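Chemist: Have a look at the structure that comes next, please.
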Amino acid sequence: MKTSSASLREYARGITGGLLFSLPLLYTMEVWWAGFSAQPYQLLFYIAATFGLLLGYNRYAGVHEGAHWNEVLIDSVEEIGIGLVISLLMLWTLGRIDLAAMGTEEIVSKIVVESMTVAIGVSVGTAQLGGEQEQNDGGLNPRPQRSVSLRGSAVLALCGGVLIAGNVAPTEEIPMIAMEISAIHLLVIAVQSVALGMVILFFSNFKGGAGKTSWTLVILETATAYIISLLVSVFMLWFFGRLDGVHFDSALSQVIVLGFPAMLGASAGRLLIK
Amino acid sequence: MATRKTSKHGEKNPLEWTVFAVSALLVAAVLGYLLYLSFTNRITTPNLVARYYHDPSTHQPFRYRVEIENTGGATAEDVIAEAVLLKDSSELEKAELQIMFSPKQSTREGWVIFRNDPSKADSILVKIVSYKKP
């Protein structure tokens with residue numbers, strides 16, 4: 001059994017991670033608006049999606065390596081709980097919660113929308129911000145480089161993509177860029193995304209990056225990461241109401257525009273948060 | 001359990017159990033509330049009502065505080081409210097108030113300032129002119 005001070009340190013790391021990764025969102029008004037514009041079923045769906053992501057992340061990269069599903073479940077619930085509390089405190093501090101004028105639904109929705117990214121941040125922070133000593137507590141050997149299955153790396157790419165793309169997804173800038181962009185620029189963004197992903201995944205020698213690999217693997221992994229990035233973009237744009245009543249062309253151009261930060265997260269995030 | 005590979009992490013101390021219990025409670029409460037909202041039949045359009053109160057300041061004796069409450073089930077964006085002074089059924093003066101968002105079940109407030117003394121008019125009419133879907 002861990003000592004209380006060890007768990008406290010773990011929570012402190014989690015809280016730091018939660019704040020680090022979600023601070024831009026806590027300070028972004030489009031996210032507050034998304035809170036009160038979203039319908040309750042959308043929020044439920046958002047919580048479910050985040051919970052799924054947390055389960056995946058905790059299973060494949062979480063602080064308790066090789067953890068049993070029970071434990072993964074407990075960790076994930078804890079992270080959402082901590083996320084809710086941090087969002088409540090931060091939003092209240094920033095004057096975004098006013099009990100006298102705002103209805104319960106507005107307050108709860110606002111907190112929920114913010115807390116999901118905080119929860120992912122908490123999860124990543126708990127697992128990654130500790131020193132070697134902390135990360136190994138209870139373990140016998142220094143932490144070895146984990147080998148991750150294709151499914152595992154897909155989950156990590158998903159987390160990285162959500163974490164990075166989440167910072168810009170709710171802003172008005174995405175539809176604005178998408179509306180004004182020319183076809184040529186759009187094509188360049190798509191090519192840029194794939195090329196950047198490839199560089200990050202295979203040539204930059206990031207921690208965890210592959211060394212010498214076959215071209216088929218390069219293509220397979222890069223394509224997987226890009227498909228995941230586009231899916232992340234679609235989900236986030238839908239949640240923030242950017243795809244409502246929008247023509248297919250304009251929706252596609254938004255997805256590609258947001259696909260760039262998502263790809264950055266999916267490829268770099270997945271190497272950094274392993 | 002002691003023989004299980006995961007047991008070294010599996011056993012939690014009281015602090016961790018407390019954090020988990022509080023978190024589980026919070027999550028259950030939020031889910032319950034959102035489920036309740038999803039399954040109760042509610043109006044799904046904004047429903048705005050404007051109220052006004054005389055609220056003079058030192059430099060603006062004819063200032064009125066306007067409260068806009070949304071009792072509907074959806075948020076309204078770019079709300080425009082109008083305050084009109086009516087005399088002999090014609091418009092004496094008109095003031096306008098714009099509010100960026102009026103979230104469902106919430107109240108927002110602002111002030112309108114008249115040049116003319118409202119007590120010389122027959123009545124004050126405050127109404128919502130328009131709003132849009134966010």
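The values are calculated or read from the model by the stated rules, or taken from the named source; none is laboratory data. These numbers were taken from a predicted model, which means no experiment stands behind them. Neighbour counts are summed over all protein chains in view; Cβ atoms, including those assigned to glycine, are modelled from backbone coordinates with ideal geometry.
Chemist: Take the residues in segment B:87-134 that are free of Cβ contacts under 8 Å to residues at least 40 places away in the same chain and closer than 19 Å to B:Thr44 by Cα; name whichever of them is farthest from the other protein chains (Cβ to nearest Cβ).
Modeler: B:Phe101
Chemist: Within segment B:19-30, work out how many residues are more than 7 Å from every other protein chain (Cβ to nearest Cβ) and surrounded by 15 or more Cβ atoms within 10 Å (Cβ to Cβ).
Modeler: Number of matching residues: 0.
Chemist: As an exercise: evaluate A:Arg96 against (1) within 12 Å of another protein chain (Cβ to nearest Cβ); (2) modelled with pLDDT of 90 or more; (3) assigned to a helix (DSSP H, G or I) and give the number of the one condition it does not meet.
Modeler: (3)
Chemist: For A:Ala61, work out the one condition from (1) at the interface with chain B (Cβ under 9 Å from one of its Cβ atoms); (2) buried (at least 22 other Cβ atoms within 10 Å of the Cβ); (3) within 14 Å of the chain's Cα centre (by Cα); (4) touching a residue at least 60 places away in the same chain (Cβ under 8 Å) it doesn't fulfil.
Modeler: Looking at each condition in turn, A:Ala61 falls short on (1).
Chemist: Among the candidates B:Phe62, B:Phe39, single out the residue that is among the aromatic types (Phe, Trp, Tyr) and closer than 27 Å to A:Leu88 by Cβ.
Modeler: Only one candidate qualifies: B:Phe39.
Chemist: I'd like the residue in segment A:1-44 that is within 14 Å of chain B (Cβ to nearest Cβ), hydroxyl-bearing (Ser, Thr, Tyr) and touching a residue at least 24 places away in the same chain (Cβ under 8 Å) and, out of all such residues, is surrounded by the fewest Cβ atoms within 10 Å (Cβ to Cβ).
Modeler: A:Tyr11
Chemist: Shifting gears a bit: Considering each of B:Gln98, B:Gln60 in turn, give the residue that is under 30 Å from A:Glu105 (Cβ atoms) and of a type outside the set (Phe, Trp, Tyr).
Modeler: B:Gln98
Quick grid of which residues meet (1) in a helix (DSSP H, G or I); (2) over 22 Å from A:Arg242 (Cβ atoms); (3) acidic (Asp, Glu):
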{"site": "A:Ser5", "(1), (2), (3)": "yes, yes, no"}
{"site": "A:Ala12", "(1), (2), (3)": "yes, yes, no"}
{"site": "A:Ile15", "(1), (2), (3)": "yes, yes, no"}
{"site": "A:Leu25", "(1), (2), (3)": "yes, no, no"}
{"site": "A:Ala48", "(1), (2), (3)": "yes, no, no"}
{"site": "A:Gly56", "(1), (2), (3)": "yes, yes, no"}
{"site": "A:Arg59", "(1), (2), (3)": "yes, yes, no"}
{"site": "A:Ala67", "(1), (2), (3)": "no, yes, no"}
{"site": "A:Val77", "(1), (2), (3)": "yes, yes, no"}
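Chemist: Still on this structure: Which members of segment A:217-235 meet the condition of being surrounded by fewer than 23 Cβ atoms within 10 Å (Cβ to Cβ) and of a type in the set (A, V, I, L, M)?
Modeler: Answer for segment A:217-235, where residues must be surrounded by fewer than 23 Cβ atoms within 10 Å (Cβ to Cβ) and of a type in the set (A, V, I, L, M): A:Leu217, A:Val218, A:Ile219, A:Leu220, A:Ala223, A:Ile227, A:Leu230, A:Leu231, A:Val234.
Chemist: Which members of segment A:228-243 meet the condition of being in contact with a Pro (Cβ under 9 Å, 6 or more places away or on another chain) and not in a helix (DSSP H, G or I)?
Modeler: A:Phe240, A:Gly241, A:Arg242
Chemist: A further question on this structure: It is to be established whether one or more residues within segment B:46-65 are among the hydroxyl-bearing types (Ser, Thr, Tyr) and within 13 Å of chain A (Cβ to nearest Cβ).
Modeler: No.
Chemist: In the set A:Pro175, A:Pro170, which member is at pLDDT below 95 and more than 20 Å from the chain's Cα centre (by Cα)?
Modeler: Within the list A:Pro175, A:Pro170, the selection yields A:Pro175.
Chemist: Any idea which of B:Arg51, B:Arg63 is in contact with a Pro (Cβ under 8 Å, 6 or more places away or on another chain) and not polar (S, T, N, Q)?
Modeler: B:Arg63
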